[in-house]
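Asks: Quick one: the structure is below, questions incoming.
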2 protein chains.
Amino acid sequence: MKKVVVESFTMDHTKVKAPFVRKCGLIKTPKGDVITKFDLRFTQPNKEAMPTSAVHAIEHLLAGFMREEIEDVIDISPMGCRTGFYLIIIGEKEEKDIAKALIKSLEKVTEAKEIPAVNEIQCGNYRDMSLFGAKEYAKSVLNSLKGKYI
Amino acid sequence: MKKVVVESFTMDHTKVKAPFVRKCGLIKTPKGDVITKFDLRFTQPNKEAMPTSAVHAIEHLLAGFMREEIEDVIDISPMGCRTGFYLIIIGEKEEKDIAKALIKSLEKVTEAKEIPAVNEIQCGNYRDMSLFGAKEYAKSVLNSLKGKYI
Ligand SMILES: [Zn+2]
Ligand SMILES: [Zn+2]
């Protein structure tokens, strides 16, 4: 396989104001498709990290909700720092389109009655899960994102 | 863009024996490239989850080490359940090739003198970071993976 071009945009974590959506990487596949990576930042770096139960619940919820809003989602995964998530898609999209999809998805989180796949067969740690925490973070992120992107 | 075919292989988390490497997803891009997703499972689902400081340190370390072993890495991210990581690559590879790359990378973790990018400019939560924890998990995962794949 031909060597892949990876373009990563470094970010100074002290200069950003969370929450935000940021295009943070671009990868070209050998046959000419483009893969784009987005930083979906929920909390302010090095000021507030989400508890694991909220991160985990949001991971389960956004896995379905973001795919309802955006075609060609490859992955959405938590950051090790617990301040947000990385979204990887096939194709190129603008930050504001991803932000709008995230807003719609987070609105669904605030209305969710349950978290999908919370059982020991489908999940690796089904006890560490907070729908309450997910909703509280969704609400505060939503408020700020709406101010920025709508 | 043409609709992407996503093939996800569901796994019964009560039936597996960690650690292991498992091909868990296949995505075809519009122009015909293949993207493969691997489950790099470190701890036994619903029995042991890694602390966030170890997960975060392993995330930073594997980001570089796995790219030294495998071309065409798109992403390697922690699971919300904290029992392992997802690796996403361009192309198709066998589980045993990924396992060998992971073994070499984890050997580098056990020998690491420092964790890259641990500062408030490059990281979102630079205080939640344990090189000690990363090494202890690397050692125990290494032992079992070598028995399975080498
Ligand atoms: Zn889970
Ligand atoms: Zn970090």
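Asks: A:M50 - would you say it is more than 9 Å from every other protein chain (Cβ to nearest Cβ) and at pLDDT 95 or above?
Replies: yes
Asks: Can I ask one more? Which condition number in (1) within 9 Å of another protein chain (Cβ to nearest Cβ); (2) in contact (Cβ under 8 Å) with a residue 40 or more places away in the chain; (3) within 15 Å of ligand 1 (Cβ to nearest atom); (4) within 30 Å of B:P116 (Cβ to Cβ) is the one that A:E59 fails?
Replies: Looking at each condition in turn, A:E59 falls short on (2).
Asks: Which of (1) exposed (fewer than 15 other Cβ atoms within 10 Å of the Cβ); (2) under 15 Å from B:G91 (Cα atoms) does B:P51 not meet, given it meets every other one?
Replies: Result: B:P51 passes all but (2).
For every residue, the table says whether it meets (1) away from ligand 2 (no atom under 16 Å from the Cβ); (2) among the hydrophobic types (A, V, I, L, M, F, W, C); (3) surrounded by 15 or more Cβ atoms within 10 Å (Cβ to Cβ).
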site: A:E69; (1), (2), (3): yes, no, yes
site: A:M79; (1), (2), (3): no, yes, yes
site: A:V109; (1), (2), (3): yes, yes, yes
site: A:K113; (1), (2), (3): yes, no, no
site: A:I121; (1), (2), (3): yes, yes, no
site: A:Y126; (1), (2), (3): yes, no, yes
site: A:A134; (1), (2), (3): yes, yes, yes
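Asks: Out of B:I103, B:I98, B:I88, report the one residue that is farther than 17 Å from B:H56 by Cα, within 14 Å of chain A (Cβ to nearest Cβ) and surrounded by 17 or more Cβ atoms within 10 Å (Cβ to Cβ).
Replies: Result of the check over B:I103, B:I98, B:I88: B:I88.
Asks: Answer yes or no as to whether A:I115 is among the hydrophobic types (A, V, I, L, M, F, W, C) and over 19 Å from A:C24 (Cβ atoms). Walk me through how you get there before you give the answer.
Replies: On the way: among the hydrophobic types (A, V, I, L, M, F, W, C): yes; over 19 Å from A:C24 (Cβ atoms): yes.
For A:I115, the condition - among the hydrophobic types (A, V, I, L, M, F, W, C) and over 19 Å from A:C24 (Cβ atoms) - is met.
Asks: When you check A:V141 against the structure, is it aliphatic (A, V, I, L, M), within 29 Å of B:A57 (Cα to Cα) and crowded, with 23+ Cβ neighbours inside 10 Å, yes or no? It would help to see each step written out before you state the result.
Replies: Numbers: aliphatic (A, V, I, L, M): yes; within 29 Å of B:A57 (Cα to Cα): yes; crowded, with 23+ Cβ neighbours inside 10 Å: yes.
The answer is yes for A:V141.
The values are calculated or read from the model by the stated rules, or taken from the named source; none is laboratory data. Keep in mind the model is a prediction, meaning the values are calculated, not measured. When we count neighbours, we look across all protein chains shown, and the Cβ atoms used for this are built from the backbone with ideal geometry, even at glycine.
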